[in-house]
Amino acid sequence: MAPVPLCPAEAIPLRGTPRCENTVDLAEADDFLRRHHAENPELGPVEHRLAEVHAEVAATGTYRHTPEELTFGARVAWRNSARCIGRLYWRSLKVRDLRDLRDPKEIADECVEHLKLAANGGKVRPAITVFAPDEPGRPAPRIRNEQLIRYAGYVGPDGGVLGDRRNVELTDLAVGMGWRPPARRGPFDVLPLIVEREDAEPSMVELPPDAVLEVHIAHPELPWLAELGLRWHAVPAISNMRLRIGGIDYPAAPFNGWYMGTEIGARNFADADRYDLLPYLGRRMGLDTSSVRTLWKDRVLVELNRAVLHSFSAAGVTITDHHTESDRFLTHLKKEEEAGRSCPADWTWIVPPMSSGITSVFHRYYDKRELVPNFFAGDTEGVCPVIH
């Protein structure tokens, strides 16, 4: 799932940390509160709650969401994520309210608990853990890792990379902070979790084995593929995005769904800036790789994705395929339209990275408006990597 460039180890700055000097945008807060009450009529009239929030903002520059508002806001943020194909189950998102935690070590420890809860013995459940919000003059902690589980990338003397090329800088940062890679380095070494706060020392916590559910990759008809030692983790927990609800920013709010097979087989394993497995696998399959016109890449990609789906299913770990998920998204779109709501979608992200033209989401246009609540990368761009 998603990525981001990182800084040298010695500086450890908070990238894009807002100064948090301005008060909450009351218009955005009002819009959110009105929507919360409109979609939950049992809450009654919204006027009393609006008055409470206006008074709190006038006194402190910010306000605190009720637990019900936080849960609703997190779920609607998923519902509004234009780059996410898997929003049909937005109401099922489990929300962990840990807004009172600001200590980096405590946050890192709770991220470990998030992974255990989400993995759920292979029956992966959508979950979000919401830590302290930004407040005027008081930036909240940030999680440096783009996902809670990331594999190391080691640059060799010849410039080649062992592991995930995406995470070379994060690996260098962890080593600079004192992390010791395994004595025998491999392509799937799990990196430690790094949590930062502007006024405190960053905390680095290694993920225990029981928090990292992994699936070993095999192919139903190519036995030699299992011997390569490929594997991938089961929980795609995005951790470097800012959750914004009613004018309040929660910069540390790791969230996950479950994987769509192409995220692993057509991106993580296949992309040239990740594991770049297609050339090697093409040769092992005995294909003519002398020209792209032989479509050897396409053939390898299909078999690699078959292997991913086969392996997760054999291990009893939740995963979905791009055809099923495309149909589910159109079901979600229809439900939103029937509810009288706009369903923003970015075509370039909604359409899967393999066999695009034969998926049901390909043959139409979508509304790309950015709605809030939502998830944002850094402090500007609205984005939500695929979450299922």
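Worth a mention:
- By the count of neighbouring beta-carbon atoms within 10 Å, fewest first, V175, V76 end up ordered V175, V76.
- Rounded tilt (10° steps) of 67-79 against the dominant C-alpha axis of the chain: 40 degrees
- Straight-distance crosslink candidates among lysines, where the alpha carbon sits under 17 Å from K368 and sequence neighbours closer than 8 are dropped: K334
- Cα long-axis angle, helix 296-315 against the chain (0 to 90 degrees, to the nearest 10): 70 degrees
- Two-site label geometry, R185 and R165: point separation in nm, points 7 Å out along Cα→Cβ: 1.6 nm
- Extension gain (nm, one decimal) between L295 and W224, 0.36 nm per residue minus Cα-Cα: 23.4 nm
- The chain: proportion of alpha-carbon pairs further apart than 42 angstrom, %: 13 percent
- Ranked by the mean number of other Cβ atoms within 10 Å of their residues, highest first, the peptides 270-280, 82-92, 256-266 fall in the order 256-266, 82-92, 270-280.
- 0 to 90° range, to nearest 10: angle between helix 26-39 axis and the chain longest Cα axis: 80 degrees
Where a number appears in this text, it was derived from the coordinates with a stated rule and is not lab data. In this text, all values refer to a predicted model and were calculated from it rather than measured experimentally. Every residue, glycine as well, gets a Cβ built from its backbone with ideal geometry; the counts of neighbours run over all protein chains shown.
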